[in-house]
1. Which order do the peptides 27-38, 165-176 come out in when sorted by mean C-beta neighbours inside 10 angstrom, highest first?
2. With r defined as the distance between the Cβ atoms of A159 and T71 and R0 fixed at 30 Å, what FRET efficiency is calculated, to the nearest 0.05?
3. Among 143-154, 106-117, how do they line up from the highest to the lowest mean number of other beta-carbon atoms within 10 Å?
Amino acid sequence: MKGFGKILLSGLLLVSTSSFAASLSLSPSTGSIVENSSYTVDLVFNNDAPSLPAGSFISGILKLDYSNNVTFDSTTLGSVTSTPGLLTIDLFDHEISDTTLGSFTFTANATGWADFFLTDKNSQGSFSYSDSPSGSNGFAPTLIGAEVLVTAVPVPAAAWLMLSGLGLLGSLNFRRK
């Protein structure tokens, strides 16, 4: 009976420990963008259980790799290091007041798919959360990237209207001769 009691107690301890399931994802403002235009990509934090109250903190370092057909312009996050094609985001004691942790602004330079990938800088799930700064509850979030289609600049309607008018004038002039 003693062995059964130890197994039952260890089973209860495993069931009673809470796990933290969360994801950090990138959410573009649009699915497609015209070349030479700017757009934003939001960094979104989603937690499943237990839910963190407003005013909680998250810590960790992310890498955001992006395609060479876009350039990084700005961010609302304070601690970001930028090199071409890569942003390093330090979320040290970042207060969670909303699910959107911050935004990044990019400019589309060439047509094609603009890919964005999130990775853990330390590759070890070295994130933590707490209801006070310097929390010590570790977790490994699911990291979700995004993609945006960059299309060619369409010819403006005014140019089509002008060309149509010139064509009409040319055809009328041709009919008179």
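Each reported figure results from applying straightforward, stated rules to the coordinates on display, with no laboratory input. Since this is a predicted model, take the numbers as computed values, not measurements. So basically every Cβ, Gly included, is an ideal-geometry build from the backbone, and we count neighbours across all protein chains shown.
1. Ranking, from highest mean packing down: 27-38, 165-176.
2. That pair, A159 with T71, gives E of 0.65.
3. Numbers: 143-154: 15.0, 106-117: 17.1.
Going by the mean number of other Cβ atoms within 10 Å, highest first, we get 106-117, 143-154.
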